[in-house]
Structure formats: structure tokens, C-alpha cells
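The values are calculated or read from the model by the stated rules, or taken from the named source; none is laboratory data. The structure presented is a predicted model; accordingly, all values stated were derived computationally and were not measured. Ideal geometry is used to build each Cβ from the backbone, glycine not excepted, and the neighbour counts take in all protein chains shown. Just so you know, the surface numbers come from the protein's heavy atoms only, side chains and all, with ligands and any DNA or RNA stripped out. Shrake-Rupley method; radii C 1.70, N 1.55, O 1.52, S 1.80 Å.
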Amino acid sequence: RGSRYSHCVGLLRELTGAEDAIVVNNGAAALVLALNSLAERRTAIVSRGELIEIGGSFRIPDIMAKSGAHLVEGGTTNRTHLADYERALAGAGVIVKVHRSNFALAGFVADVPLAELVRLAAPRDVPVLHDLGSGLLLSLEAYGLTGEPVVSEVVREGATIVTMSGDKLLGGPQAGIVVGRADLVERLRRHPLQRAMRADQLTLAALEGTLRLYLEPERAMREVPVLRMLVEPSDRIRARARRLAELVDGSVEETIGRVGGGALPLAELPSFACAVEEELAAGLRGGEPPVIGIVRDGRLLLDCLTLTDAEVDEVAEAVTACRSR
């Protein structure tokens, strides 16, 4: 039998520049599998400023404990230096760098760039594991969205293992992705936990379809929904809001969109909404299809940032039906 992973693995190698890759069922599983494989009963060094929680039960200290790695905190909440890692390096199983994808530190802060951690760890053959969270494959800096590292750049900087999600900014199905040095990825692939965490065939098919879009970056920007929403010009959003307002006798209001989903925590996206009467909110939520708006200042705002042009008529029909009820 052939491997169910072969198509996704080949695409991930090509798109990230990594030597090898593996796919599991979600991002938390990717991190647990990597930590258990590389640092079980050994220490994993993490900056105190990167001991994140993304919601639910995903907290880095708890993930460490369940993986069998012993957490060693370095630095302080706001400032971590290379010397903090050096002091803890003896006997370490892995250095872990966690991207702060859902919050930001500002003010009197310092952290250690990945390249410096790689230079510190390389002579001692200590792996550097970089947990990216969102898995961005294309830079968004040309669109004014900064702060999210691109996977291929992290691989080039020398991260031994990189973990990320297949959804969020990558835009595919829920999945966990590990890319990195071939011998270590192979260790993860042969790990007993890997079978318990592996992705099913439908997930892999959806992920493969998404990854193939990235072979043509311009196409990915058009056809991966999250990327299209992030970079769409505001005048197109305004045009949708005007069209919807004309169809439902509403008005157009400026709004601010936020990325959410554990990525780009400070980014604000200029947007426009069609404003209708607040009393429609509950009825629209309970309709088929459900239409979710934002109640503000006595009006219900139907923000057009996350609508496609083709969905405007559908939303207009839902508003009309809700009013008639």
C-alpha cells in the first residue's frame, strides 16, 4: 500500500523548503508529538513570555506536562535574553520557541530571535522547535499585515522542527503539520503516538487541495477564503455593502474587521457593513442559512468583509424573509 501522506508531504516540502513533513489531526497534537519524541523525560526550554494559552485547554505548561517533557522557564514575562537559554542548556532535550499569535507584548520588552537560538543550539546538537500556530505560507507584509512569520522563512533560519495548524491562516481543514529535519520527522513518524494522532483521509484530501493552490501564489490569494478576506481592497467591500443596502433598504456604515482565530492580534481591517434594524438579529441567527451580525448603537450591522459577491443576494433574501416573519 502507498502512504496516505505522500501527496501532502511532497507539497509541504516544496512550499516550505523543509526536508520532510508529517500531518496529524490538529496543532496541539503536532506539538505534543514533537515534544514527546524529542524531549520526553528531558528538559524543554521556553521563554516565560511565550507560555501562552490559546483558549480551551491548550496551555503551553500543560502541553509540556502531558508530553512528558520537563518545562524550564527562561527570562521574565517581558524580557528574555540569550544568556537565559545558555544557563538552562545543559542536558536539554529541546529549545522551544512559541510564536505569540493571539496577543502582543509592548513596551520594555526583549526576546531572542530564532537565528540566535539556532546558533546557540547547533554545536550541542539540541533541536530548536518553533511552534508557529497559524502556519502562514505566503507573506502578507505587502498588504500591511506584519507580525506573522512565514513558514519557509522559519525553515531557512534553521528551525529543526516547525509545528503549525492546517487551518487558521493556512486556510485548510483542521490539522496539525510538522515540517523539519528529515531524521527527526522520521522519528515522529515512527512514534507510537503518531497513529493515535494521524489525520483521516478526508482531512488529507482537503489539505492537499488547499496546498495545491499555493503552488500559484496569486491563485491562493484569490481562492483561499481567509487570504482573500485579509487582502481584499476596501472599495470592493464597500461596493458589496452598498449593493446589499440597496436590496434591503439599509444604510452603509464603516466598520473595523479583526482577524481573530489566534492570528494577527493587533491587525485592523477597514471594512463596511449594511446596517438594518436591530430587531432582526435573533431571527437572522436562527434562520436557514443563519446570518450573524453585530449589534451596535441600536442597529444590526451585516459586515461585508466576510461575504463573497455571490452571497449578497442570499443574505438579502434572508433579511427579507426575516422581516416577513
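A few points about this structure:
Condition check ((1) exposed (fewer than 14 other Cβ atoms within 10 Å of the Cβ); (2) among the small types (Gly, Ala, Ser); (3) within 20 Å of the chain's Cα centre (by Cα)) across all residues:
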site	(1), (2), (3)
45	no, no, no
48	no, no, no
51	no, no, yes
58	no, no, yes
65	yes, yes, no
73	no, no, no
79	no, no, no
82	no, no, no
89	no, no, no
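- Among the residues of the range 104-135, the ones that are of a type outside the set (A, V, I, L, M, F, W, C), assigned to a loop (DSSP other than H, G, I, E, B) and closer than 21 Å to residue 30 by Cα come to 3 in all.
- Per the conditions (1) open to solvent by 70 Å² or more (accessible area, probe 1.4 Å); (2) more than 19 Å from the chain's Cα centre (by Cα); (3) at negative phi, the sole criterion not satisfied by residue 125 is (3).
- Number of positions in the range 301-310 that are surrounded by fewer than 16 Cβ atoms within 10 Å (Cβ to Cβ) and modelled with pLDDT of 95 or more: 0
- Hey, residue 101 within 28 Å of residue 170 (Cβ to Cβ), open to solvent by less than 60 Å² (accessible area, probe 1.4 Å) and assigned to a loop (DSSP other than H, G, I, E, B) or not: yes
- In the condition set (1) farther than 22 Å from residue 98 by Cα; (2) open to solvent by 20 Å² or more (accessible area, probe 1.4 Å); (3) modelled with pLDDT of 95 or more, residue 204 is compliant with all but (2).
- On the stretch given as the range 142-178, residues that are touching an Asp or Glu at 6+ places or on another chain (Cβ under 7 Å) and either open to solvent by 60 Å² or more (accessible area, probe 1.4 Å) or under 25 Å from residue 117 (Cα atoms) (or both) total 2.
- One residue stands out in the range 267-300 among those that are under 14 Å from residue 237 (Cβ atoms) and within 27 Å of the chain's Cα centre (by Cα): the one that is surrounded by the fewest Cβ atoms within 10 Å (Cβ to Cβ), namely 268.
- Unique match (being among the hydroxyl-bearing types (Ser, Thr, Tyr) and surrounded by fewer than 18 Cβ atoms within 10 Å (Cβ to Cβ)) among 134, 139: 139
- Those strands (runs of 3 or more DSSP E) of the range 221-325 in which 3 or more residues are of a type in the set (A, V, I, L, M, F, W, C) and either out of contact with any Lys or Arg (no Cβ under 9 Å at 6 or more places or on another chain) or in contact (Cβ under 8 Å) with a residue 60 or more places away in the chain (or both) occupy 299-303.
- Within the range 186-206, no residue that is free of Cβ contacts under 8 Å to residues at least 24 places away in the same chain sits with its Cβ atom under 6 Å from a residue that is assigned to a helix (DSSP H, G or I) and buried (at least 18 other Cβ atoms within 10 Å of the Cβ) at 6+ positions apart or across chains.
- Test: residue in the range 55-63 that is in a helix (DSSP H, G or I), of a type outside the set (Ser, Thr, Tyr), under 24 Å from residue 203 (Cα atoms) and free of Cβ contacts under 8 Å to residues at least 40 places away in the same chain: yes
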